[in-house]
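Following: one structure in structure tokens, then a few remarks.
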Amino acid sequence: LNQADAVLAFSVTDTGVGIAPDKLQLIFEAFQQADGSTARKYGGTGLGLSISRELARLLRGEIRVESEIGAGSTFTLYLPYSCDGTAYAPVALQMAAPANDEAAWAVVQAEHEAQPAHATADDRALVVPGDPAVLIVEDDQHYAKSLLDQAREHNFKGIVAPQPDSALALTRDYLPSAILLDIDQPNANGLAVLERLKRDPATRHIPVHVLSQQHEREQALRRGAASYLDKPLSPARLQEEFARIQQQFAMGRKRRLLVAEDDPIQRQAVVDLIGDGDVHVDALGTAQAALECLQSGTHYDCMVLDLSLPDMSGFDLLDKIGADPRLGDLPIVIYTAAQLNQEETARLQRIAKKIVVKDARSPEKLLAETALFLHRSHDSLPQPQRRMLEDAQAADTGLAGRKVLVVDDDLRNIFALSSVLERQDMKVLYAENGRDGIEVLQSDRSIEIVLMDIMMPEMDGYDTMRAIRRDPRFKSLPIITLTAKAMKGDRDKCIDAGASDYITKPVDVGQLLSLLRVWLHKSH
């Protein structure tokens, strides 16, 4: 500010309760307020001023406050103004105290200039729609740098994200050709991120190549991963995988589907259902012919198999496929009208430990599973197929008809959550405080799950959950807390108070729906 030609000041004055002098700096810290208790009389999370302060600093300005108890407060935003019309370059976001004098401002500038360049500076600023790009989700900077170098060597632009939680937003923003996802990172459920990517119609067609040391191959491939790579990867294996990405997806190669079905009418129905301009289908009537195609070296992205084949049992064919290491990543969708007995089901589950086997009992389910493994974009499908996919996804949510109680003191949050949940055909009840929430629970025993805000006036979420758990009828009722108060130890505090799970605000809709499915499935 001291280097500016002039300073613009914007002041906002209120006639509220005022702030004590010893609280004037505290209120600018994240999740801090003049009354910082979770059951305080006045609402809010304590994030607004912290965010405003950092935005001001990005603009090379600052915020100051003057206040008198019982009289109100005046907040003033100061911004530099250049008389020649040039803009002052913004600074990087810092988590230091606001600069209130020239010396403090000089310290902030020195810290900014001394910061080293990020070891994995990527190409996101250079990516334009249609560019071949790879999203690399990896927290080890050195390993991420080697992946980025390989991507560039194979003519991809690279986008690097250290945390899996950012993968969904970056995928939506950049629509990369492929994703390399490390699922082993602490404090993050990488498999849940993979599932969310594959449930989102806008991102489910993008191939995800999973990196892990945790032997989660079966789980990753069943969720739709294009491949599973054991870490650490040798340079040769890394080269091979990028060559595969380049060959299969970056160059616009048509997908190949193998169909093994003995009934010619049913076989043609499958071809008509799935086949289109972007999929080449080889449809065969015997197991031996299908096995020869697979062993010929032709790469297939997916296979549809009827278990009742004339020359060989579908189970025996699956065993032969599982014994060939070259076919270990081949996704196989079982499509049969036959009801499997207990022995057949157990055998299929054993086979699924070696190869990717999914079950489809309807045309909608078959289309959805093959579209996942063929990496077909939702928008590229004909309208009838797109409608079938939407119907299959709606039927697969497991949320339709389930009853949820939302307890939150902010009506805007209640409205936003209700809109999301009602689109899943859930029945939504709400309460604006903890006491009302308990009354609603006691009056309606059909409520199956609760979404609980923590920071509410008078009776906070902690006390509300403790009161609910004291009632034997609600001992096993799933309660998911939603809170912006995401400081260290808050998750444990929520669990100790009776929460089943915990999600931070702003709420990621995909994560919320995944949690609802998990807990409603457990309680069903």
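Answer yes if at least one residue in region 235-242 is on the phi < 0 side of the Ramachandran plot and at pLDDT below 85, and no otherwise.
no
Output the residues belonging to region 380-402 that are at pLDDT 75 or above, open to solvent by 40 Å² or more (accessible area, probe 1.4 Å) and not small (Gly, Ala, Ser).
Pro382, Gln383, Pro384, Arg386, Arg387, Met388
How about region 156-204: which of its residues are in a helix (DSSP H, G or I), under 14 Å from the mean Cα position of the chain (by Cα), within 17 Å of Val134 (Cβ to Cβ) and not small (Gly, Ala, Ser)?
Result: Pro164, Leu168, Leu170, Thr171, Arg172, Asp173, Val193, Leu194, Leu197.
Could you look through region 57-70, keep only residues that are over 15 Å from Lys23 (Cβ atoms) and assigned to a loop (DSSP other than H, G, I, E, B), and pick out the one that is least open to solvent (accessible area, probe 1.4 Å)?
Checking each candidate, the answer is Gly61.
Can you list the strands (runs of 3 or more DSSP E) found entirely within region 219-299 that contain at least 1 residues being touching an Asp or Glu at 6+ places or on another chain (Cβ under 8 Å) and within 21 Å of Ile183 (Cα to Cα)?
Hits in region 219-299: 227-230.
Which residue pairs have Cβ atoms closer than 6 Å, lie 6 or more positions apart in sequence or on different chains, and pair a first residue in region 491-516 that is closer than 21 Å to Glu195 by Cα and touching a residue at least 40 places away in the same chain (Cβ under 8 Å) with a second residue that is open to solvent by 40 Å² or more (accessible area, probe 1.4 Å) and of a type in the set (A, V, I, L, M, F, W, C)?
As it stands, the answer is none, since no pair meets every condition given.
Looking at region 425-460 only, could you name the residues that are open to solvent by 60 Å² or more (accessible area, probe 1.4 Å) and in contact with a Gly (Cβ under 8 Å, 6 or more places away or on another chain)?
If the condition is that a residue be open to solvent by 60 Å² or more (accessible area, probe 1.4 Å) and in contact with a Gly (Cβ under 8 Å, 6 or more places away or on another chain), then Asp425, Lys427, Glu458 are the ones that fit.
Sort out which residues of region 316-346 are touching an Asp or Glu at 6+ places or on another chain (Cβ under 7 Å) and of a type in the set (A, V, I, L, M, F, W, C), and write them in order of number.
Here is the first cut: in region 316-346, the residues touching an Asp or Glu at 6+ places or on another chain (Cβ under 7 Å) are 333-336.
Across region 316-346, the qualifying residues are Val333, Ile334.
Looking at (1) outside any strand (DSSP E or B); (2) within 21 Å of Leu515 (Cα to Cα), which is the one condition that is false for Arg473?
(2)
Residue by residue through region 167-195, note down the ones that are small (Gly, Ala, Ser) and either in contact (Cβ under 8 Å) with a residue 40 or more places away in the chain or under 21 Å from Leu221 (Cα atoms) (or both).
Step one: list which residues in region 167-195 are small (Gly, Ala, Ser), which gives 167, 169, 177-178, 188, 190, 192.
Residues satisfying the conditions are Ala167, Ser177, Ala178, Ala188, Gly190, Ala192.
Quick grid of which residues meet (1) closer than 17 Å to Val420 by Cα; (2) touching a Pro at 6+ places or on another chain (Cβ under 9 Å); (3) open to solvent by less than 30 Å² (accessible area, probe 1.4 Å); (4) at pLDDT below 75:
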site: Ser476; (1), (2), (3), (4): no, no, no, no
site: Ile480; (1), (2), (3), (4): yes, no, yes, no
site: Lys488; (1), (2), (3), (4): no, no, no, yes
site: Ala497; (1), (2), (3), (4): no, no, yes, no
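Could you give every pair whose Cβ atoms fall below 8 Å, whose first residue belongs to region 419-436 and is without any contact (Cβ under 8 Å) to a residue 60 or more places away in the chain, and whose second residue is open to solvent by 100 Å² or more (accessible area, probe 1.4 Å) and charged (D, E, K, R), counting only separations of at least 6 or pairs across chains?
Matching pairs, first to second residue: Val428/Glu422; Ala431/Glu439; Asn433/Glu458; Gly434/Glu458; Arg435/Glu458.
Got at least one residue in region 221-229 being on the phi > 0 side of the Ramachandran plot and in contact (Cβ under 8 Å) with a residue 24 or more places away in the chain? Full working, then the answer.
Here is the first cut: in region 221-229, the ones on the phi > 0 side of the Ramachandran plot are 224.
Remaining after also requiring in contact (Cβ under 8 Å) with a residue 24 or more places away in the chain: 224.
Yes, region 221-229 contains a residue that is on the phi > 0 side of the Ramachandran plot and in contact (Cβ under 8 Å) with a residue 24 or more places away in the chain.
With the requirement that a residue be part of a loop (DSSP other than H, G, I, E, B), of a type in the set (Gly, Ala, Ser) and over 17 Å from Gln246 (Cα atoms), what does region 121-155 give you?
Ala121
The values are calculated or read from the model by the stated rules, or taken from the named source; none is laboratory data. Not measured: the values here are computed from a predicted model. Note that each Cβ is placed from the backbone with ideal geometry, even for glycine, and that neighbours are counted across all protein chains shown. Side chains are part of the model used for accessible areas, which takes the heavy atoms of the whole protein and leaves out ligands, DNA and RNA. Shrake-Rupley method; radii C 1.70, N 1.55, O 1.52, S 1.80 Å.
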